[in-house]
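K.L.:
Following this message is one structure expressed as structure tokens.
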Amino acid sequence: MKRKYVDIKTEIPGPKSQALLARKDANIPRGPFNTTKVFAESGEGALLTDVDGNTFIDFAGAIGSLNVGHAPKKVVEAVKKQLDAYIHPCFHVMMYEPYVKLAEKLNHLTPGNHRKKTFFLSTGAEAVENAVKIARKYTGRKGIISFERGFHGRTYMAMSLTSKVKPYKYGFGPFPSETYKLPYPNYQTAGKTREAHDEELLNRFETFLLAEVSPEEVAALVVEPVQGEGGFNIPSPVFIKGIKQVCEKYDILFIADEVQTGFGRTGKMFAMEHFDVIPDLITMSKSIAAGFPISAVTGREDIMEAPGIGEIGGTYAGSPIGCTAAMAVIEMIQEENLLDRANCIGQKFKERFTALQSQIDQIADVRSLGAMCAMEFVENRESNSPAANIVKNILQRCHQNGLIILSAGLYGNIIRLLTPLVVTDDQLEEGFDVLEEAIVECCMSI
């Protein structure tokens, strides 16, 4: 079928991608996973073209790193200007203004009117690791609580906080000790009302602090406002406010992991704004800089000042290129009203696929918070058994037909959309067409 944006000229992968695949397999270990089997040649906005000239609509956005799209001109121009000035004097050797400017901006933008400070790293996992270091230093406690189905990164502390064993943790232990996990809301499978489910989980938190670890030994709780890899599970404000109240009761620091939810993805600059909860520390990365590797930890001034000189940082942390790109990204989000755009994308998604849900027995749930959109698939609604095989087949059809899209969830039975917020209405609807056709083909044939 001829489409306006998708343009598939060869088999997928095409001959040039196949040749590069052979070189990749000969020289790169199998560990780094690849969603598609093609190689990029160019990208713009929500479109990606591979080395064989095939053009795809991108609903993955580099796993949520490209809220402002591929190669946004404002960011490219800012980075080119920075490259002409200097590339990396290293903030620990000779400081530079872009680091200070971005810290000032994030101190202003992140939730809460209290005094804050920010410092930078390179990846989301580094941000989480350093938030934990700061929390332990400030409180003098060791314990860290995270949640089932949560994902916080692939370094050792981040892996310990992450819940999914395969592929993230299996065979890599032992992990850091004194980390604990609590259940996170899953209203689709709870078998009770949202209110009753929230009450049960909050009661379990209090019981946990009696039965498993004393609150006087817990430094911090780390939570994704909306779980990413865990399946785009959206908690209620009651739950988020409830766990924050428990933390306040016992002087446990509240760390919001906004690596995937930040910078406009959910229709707010940060997802915590939906819940009217102010975190003590917040971690950021992914869409902070349109794909340039940079991450941040922002927090209460007194907490952030706990580490001494030289106790936090890194050689490449807060590179001037990343800081400059991030300032341009923030300007784009504000100037182009991308928060409103995120909400519009989510609304269009829910309208389109809630209608399809009424026809397809295997679609158990359609959910979104802004442009953080997901569909959960089961074998059938009566059994409610997770259907990873169906999702795998849908994704394969989508990739063959010009749509890049991802799965998620503990069972791999969730399709998630991390569409660049700059996607046009025509591109969005064409991507929806490809996705809907793949769903119908895979589910109706069962």
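K.L.:
List the chymotrypsin sites (Phe, Trp or Tyr not before Pro) in the range 142-227 that DSSP assigns to loop (not H, G, I, E or B) and whose Cβ has at most 16 other Cβ atoms within 10 Å. Which are they?
P.N.:
168, 170, 172
K.L.:
Using a/c under 1.5 as the rounded threshold, could you call the range 237-311 rounded, prolate or oblate? The axes a ≥ b ≥ c are square roots of the C-alpha gyration tensor eigenvalues, and prolate needs a/b larger than b/c, oblate otherwise. Write out the running numbers ahead of the final one.
P.N.:
On the way: a/c = 2.98, a/b = 1.08, b/c = 2.75.
Cα axes put the range 237-311 in the oblate bin.
K.L.:
In nm, give the distance between the simple-model label positions of residue 35 and residue 175, each being 7 Å from the Cα along the Cα-to-Cβ direction.
P.N.:
Modelled inter-label distance: 2.4 nm.
K.L.:
Then there is this: Using the 2.2 N^0.38 Å rule of thumb for compact globular proteins, work out how the range 48-192 stacks up: its C-alpha Rg over that value, please.
P.N.:
Its radius of gyration relative to the 2.2 N^0.38 Å reference: 1.37.
K.L.:
Beyond a 31 Å Cα-Cα separation, which of these cross-linked pairs lie in this structure: 81/350; 4/101; 117/249; 73/392; 350/392?
P.N.:
81/350; 4/101; 73/392
K.L.:
I'm checking a number: the convex hull volume of the Cα atoms of the chain, normalised per residue, in Å³. What is it?
P.N.:
Taking only Cα atoms, the chain has a hull volume of 152 Å³ per residue.
K.L.:
Using a Förster distance of 22 Å, how high is the FRET efficiency between residue 440 and residue 3, based on the Cβ-Cβ distance and rounded to 0.05?
P.N.:
For residue 440 and residue 3, the calculated efficiency is 0.85.
K.L.:
May I pose another question? At 7 Å along Cα-to-Cβ for each site, give me the label-to-label distance between residue 26 and residue 154 in nm.
P.N.:
It works out to 2.4 nm between the two label points.
K.L.:
Among bridges DSSP assigns within the chain, what percent are antiparallel (round to 5)? Don't jump to the answer; show the numbers that get you there.
P.N.:
Working: 33 of 49 bridges.
Of those bridges, close to 65 percent are antiparallel.
K.L.:
Using DSSP to define loop residues, name the trypsin sites (Lys or Arg not before Pro) in the range 23-103 whose beta-carbon has at most 15 other beta-carbon atoms within 10 Å. Spell out each step's value before the answer.
P.N.:
Details: sites: 23, 24, 30, 37, 73, 74, 80, 81, 101; in loops: 30, 37.
Here the sparse-neighbourhood loop sites are 30, 37.
K.L.:
Related question: Evaluate the charge dipole of the chain about its Cα centre and quote only its size in Debye, nearest 20, assuming +1 on the Cβ of each Lys and Arg and -1 on the Cβ of each Asp and Glu.
P.N.:
780 debye
K.L.:
Something else about it: Once the Cβ-Cβ distance between residue 165 and residue 10 is put in as r, and R0 is 41 Å, what FRET efficiency do you end up with, to the nearest 0.05? Please list the in-between numbers first.
P.N.:
On the way: r = 38 Å, r/R0 = 0.92.
E between residue 165 and residue 10, to the nearest 0.05, is 0.60.
K.L.:
Here are some pairs, 244/268; 169/348; 133/166; which of them have Cα atoms lying more than 29 Å apart in this structure?
P.N.:
Check vs 29 Å cut-off fails for 169/348.
K.L.:
Which whole DSSP H helices in the chain pass both tests: a Cα extent of 15 Å or more along the axis and a mean Kyte-Doolittle value no lower than 0.5?
P.N.:
Those that clear 15 Å and a mean of 0.5 are 320-335.
K.L.:
Suppose we keep just the alpha-carbon trace of the range 112-153; what are its Rg and Dmax in angstrom?
P.N.:
When restricted to Cα atoms, the range 112-153 yields Rg and Dmax of 12.1, 32 Å.
K.L.:
Please list log₁₀ I(q)/I(0) at q = 0.24 Å⁻¹ for the range 189-290, using the Debye equation with identical point scatterers on the alpha-carbon positions.
P.N.:
-1.34
K.L.:
Once you have the alpha carbon radius of gyration of the range 74-335, what is it after dividing by 2.2 N^0.38 Å, with N set to its residue count?
P.N.:
For the range 74-335, the normalised Cα radius of gyration is 1.00.
K.L.:
Exactly which chymotrypsin sites (Phe, Trp or Tyr not before Pro) in the range 1-106 are in a DSSP loop and have at most 12 other Cβ atoms within 10 Å?
P.N.:
33, 86
K.L.:
Would you list 252, 312 from fewest to most Cβ contacts within 10 Å? If you can, show how the numbers build up before the last one.
P.N.:
Details: 252 26, 312 18.
By the 10 Å Cβ count, ascending: 312, 252.
K.L.:
For residue 189 and residue 77 in the same chain, what is the full-extension length gain: residue separation times 0.36 nm, less their Cα-Cα distance, in nm?
P.N.:
35.6 nm
K.L.:
Now for a different question. Choose one of 324, 132, 281: the residue whose Cα lies farthest towards the positive end of the charge dipole of the range 74-335 (beta-carbon charges +1 Lys, Arg; -1 Asp, Glu; about the Cα centre).
P.N.:
With unit charges placed on the Cβ atoms, the residue in question is 324.
K.L.:
Could you compute the FRET efficiency for residue 424 and residue 392, with r as their C-beta to C-beta distance and R0 at 22 Å, rounded to 0.05?
P.N.:
The formula returns an efficiency of 0.15 here.
Taken together, the values in this text are just the output of simple stated rules run on the coordinates, not laboratory data. Keep in mind that this is a model prediction, so the values were computed, not measured. Using ideal geometry, Cβ is built from the backbone for each residue, glycine included, and neighbour counts are taken over all protein chains shown.
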